[in-house]
Amino acid sequence: MAVRLMSTVWANAEGMQDDLRTRADLDAWFDAVGIDRGGARATAAELDAARGLRDAVRALAEFVTSGSGSACGVPCDGVPGDALGVVNAAAAAPALVLRGGRLERGVRAGVSPVAAALACVAVDAIELLGGDDAGRLRACPAAGCV
């Protein structure tokens, strides 16, 4: 899911393209990747959060794939902007909840279904970028790839 989110912005001969221009675009993207929102529709704030998460995951992927640990071409100890904070904040919705006498993975009280869906993507990004297979992640070498 994280890779598919990163791929919602891309370049072609006409310039930069963004597949998440509207709230309906975000809803359609969730449907395309199979994330259930229980019929909830994205708000403008949630669209902004999705774009922010996408930008943060892209920045962290660039950091991971740069080889030197730098997204800017020079060695550094940090990552671009507040990318870590954005991903971690988005991933904060999952929780362990008690339902019918059983512990289940759920969502913190008061979290919208769309924010919970974004949390699933953020958790996937954490696994992709910080998991055991992070070293296998590579930048796209295609011309015009962003």
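The values are calculated or read from the model by the stated rules, or taken from the named source; none is laboratory data. Bear in mind that the values here come from a model prediction, so they are computed numbers and not experimental data. Cβ coordinates were reconstructed from backbone atoms using ideal geometry, including for glycine residues, and neighbour counts include every protein chain displayed. The protein model used for the area step is the full one, side chains on, heavy atoms only, and it has no ligands, DNA or RNA in it. Shrake-Rupley method; radii C 1.70, N 1.55, O 1.52, S 1.80 Å.
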Residue separation times 0.36 nm, minus the C-alpha to C-alpha distance between Asn88 and Asp25: what's the value? 20.3 nm
Top of Leu96, Leu47, Leu128 by mean-square fluctuation, Gaussian network on the chain, Cα under 10 Å: Leu96
Local charge sum around Asn12 (other residues, Cβ-Cβ under 14 Å, Lys/Arg +1, Asp/Glu -1)? -3
Between Arg136, Arg102, Arg23, where does the largest GNM mean-square fluctuation fall for the chain, given springs only between Cα atoms within less than 10 Å? Arg102
Against the longest alpha carbon principal axis of the chain, how many degrees, from 0 to 90 and to the nearest 10, is the axis of helix 44-65 turned? 50
Which value in nm describes the separation of the simple spin-label points at Asp36 and Asp18, placed 7 Å from the Cα toward the beta carbon? 3.1
Helix axis angle, 23-33 relative to the chain longest principal axis, alpha carbon, degrees: 90
Looking at the chain only, what percent of DSSP beta bridges run antiparallel? Nearest 5 please. 100
Overall Cα dimensions of the chain - principal axes, largest extent first, Å: 52, 35, 23
Taking all protein chains together and a probe of 1.4 Å, list Asp132, Asp36, Asp124 from the most accessible to the least accessible. Asp132, Asp36, Asp124
Once the Cβ-Cβ distance between Leu137 and Asp55 is put in as r, and R0 is 25 Å, what FRET efficiency do you end up with, to the nearest 0.05? 0.90
